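Encoded as structure tokens, the structure appears first; notes follow it.
Bear in mind these aren't lab numbers, they're just calculated from the coordinates by the rules spelled out. Nothing here was measured: the structure is a model prediction, and the numbers come from that model. Every residue, glycine as well, gets a Cβ built from its backbone with ideal geometry; the counts of neighbours run over all protein chains shown.
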Amino acid sequence: MNAHILAKCQRFIESLAHMRKLKMRVIRADEKSITVVLPVQEQLINHAFDTYMHGGVLTTLVDTASSLSTIPALKEYELCPTLDLRIDHMSTPVLSQPLYAYAECYRVTRNVLFTRATVYQENPEKPVAYAISTFMRPGEGNTDPAFKAVIDGDNVEEVN
């Protein structure tokens, strides 16, 4: 585990209001991968359909973890918007357990970052979902300096 990368990723999550609302936390980070947890919350349970949550919340978890996995893959922080995100749902999550998203950025090019993620509960070998995504690199000098300062720990404030 890398404490510097972990702190950077946690500042990213804490700077965004919807991440704080969902109570997501980065629990593991190193030079190759990130693990994010989404705790069990009554507000996310859909009792009418006997499932853990709305699909949009799972998508947000995957997109967040995948996006965070690009942070250690780059020399300096870049705000990289999602180009494409595909999620293959493998099983229905159970109501009583948190969801974890393990993500890694496995390829970096001049214009695009490629990531893959696994969403699971108790056991990564029994996934709830698999995902692949791509992120656009903005090019040198095109990252919002205020947001970069927040991520780097130079200026801690809410971005949105």
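So the values come out like this:
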| item | result |
| --- | --- |
| At R0 = 30 Å, FRET efficiency that the Cβ-Cβ distance of Lys23 and Thr109 yields, to 0.05 | 0.35 |
| The stretch 96-142: trypsin sites (Lys or Arg not before Pro) in DSSP loop, at most 10 other beta carbons within 10 Å | Arg110 |
| The stretch 1-108: GluC sites (Glu not before Pro) in DSSP coil with no more than 16 other Cβ atoms inside 10 Å | Glu31, Glu76 |
| Loop trypsin sites (Lys or Arg not before Pro), the stretch 8-101, which have at most 11 other Cβ atoms in a 10 Å radius of their Cβ (DSSP) | Lys75 |
| Exposure proxy order (Cβ contacts within 10 Å, fewest to most) of His4, His89 | His4, His89 |
| Two-decimal log10 I(q)/I(0) for the chain, as the Debye equation yields it once each C-alpha is a single scatterer, q = 0.08, 0.09 Å⁻¹ | -0.22, -0.28 |
| Principal axis dimensions, largest first and in whole angstrom, of the stretch 53-99 by Cα | 39, 21, 15 |
| The chain: DSSP helices with Cα axial extent of at least 18 Å and average Kyte-Doolittle hydropathy no lower than 0.5 | 55-68 |
| Net charge dipole size for the chain [Lys, Arg +1 and Asp, Glu -1 on Cβ; Debye, nearest 20] | 200 debye |
